[in-house]
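The values are calculated or read from the model by the stated rules, or taken from the named source; none is laboratory data. Everything numeric here is computed off the predicted structure, so don't read it as measured data. Here the Cβ positions follow ideal geometry from the backbone for every residue, glycine too, while neighbour counts run over all protein chains shown. Heavy atoms of the whole protein, side chains included, go into the accessibility calculation; ligands, DNA and RNA do not. Shrake-Rupley method; radii C 1.70, N 1.55, O 1.52, S 1.80 Å.
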Amino acid sequence: MFCAKSRQMQRILWSSVILIGIVGLLNPAGAAFAQTAQCGTRGAPKCPPTQRVPPVVTDGRLNTNLADPYVIYCVDGQFQIYKINSLGQGNLFNTHPINDVIATLELPAVQDLGDGFTLKRADDLLALYGPDRFFLAFSLNTCLLKANQGGQADFDCDGTLDSIQVGVPGQPPFVKITSGKTGKVLLNFYAYDPKFLGGVNYALGKFKNGCPLDIVTGPGAGGGPDVRVFDGKTGSILKDFFAYAPSFTGGVRVAAGDLNGDGYPDIVTAPGPGAGPNVKVFNGKNLAVLDSFFAFSPLFTGGVHPSVHDFNGDGHNDIIVTAYTGQFVETKVFDGKTLAVLSDKLS
């Protein structure tokens, strides 16, 4: 009797082992893997909170087209790509630390993010290419601001970098500086009418003796060509002028750097969308126009992003401009002395 029961128990145990083995072959990673792989699809369990996000969330979101198959976020220091399924739910598809994305990119450069995504950068302008003919162009500054990683400089002269954040499209035109040491707000003001929601473009330069750097601003799309320079310590206006005809409302992108060799920063402006690519250089002391030229074809009206760097290492700053010209990001470098083209690349 005992032997019969023992043989029966053995048959039950072996049947269980075989069943478990079959399940293991069908799903080597276990049931949890099957649920995670299919989360967000019809009839499957809900995805974990860290793996899904409603596509209507706007905080940190870069693209607003609800028909896009992917949603791109710059949030909490991460560059995140969510894939939208048939139910309109977003599942985390690809993520990278923003600092890593920035650090590995030269000017211009291409980075493979994996999963079929390629990120191209030319100065502040980035272009993301992905599967399903996905494309998104955006500025690095916008990404950093959405991720709460604004620009940095020592504004209170304590040897620690502080953060500067400005309003992005959809927000009032604020400028906010926060201490990197204490977290205290050092400066917080509106660069333009608080009702203006087109965002703020900015650059930094020392327009007075001593510390700290000062802030050059231009309004985003929808604003007039009103360029201002604010004292980096008090927020008071040091300079205020129109870079283009007052009737132009495409916004102004700005850069700052010494271009005439007098040791004082000059101001470079470029129009936003809606005007030809007329780049101007203003004397930082008296605002006289030092140079005015078309960086691209005069017929191009897509907007230009300027910056000032010593491109060729000759000890003199040059003017670097970028623009998205349809299929490519074009980067041109003009000699700061002669305006000769030092480089012209498509990426």
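Computed values, structure above
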{"item": "For Phe334, net neighbour charge (Lys/Arg +1, Asp/Glu -1) across residues whose Cβ lies under 12 Å away", "result": "-2"}
{"item": "Accessible surface of region 142-273 [probe 1.4 Å, protein heavy atoms]: carbon and sulfur percent", "result": "52 percent"}
{"item": "Ellipsoid semi-axes in whole angstrom, largest first, where each is sqrt(5λ) of the Cα gyration tensor of region 235-347", "result": "22, 20, 11"}
{"item": "Area accessible to solvent at Ser247, 1.4 Å probe radius, in Å²", "result": "100 Å²"}
{"item": "Cα centre as origin, Lys/Arg/Asp/Glu Cβ charges: region 269-347 dipole, Debye", "result": "200 debye"}
{"item": "Candidate lysines - alpha carbon under 18 Å from Lys345, same-chain residues fewer than 8 apart omitted", "result": "Lys120, Lys332"}
{"item": "Alpha-carbon centroid distance for the pair region 158-185 / region 198-255, whole angstrom", "result": "16 Å"}
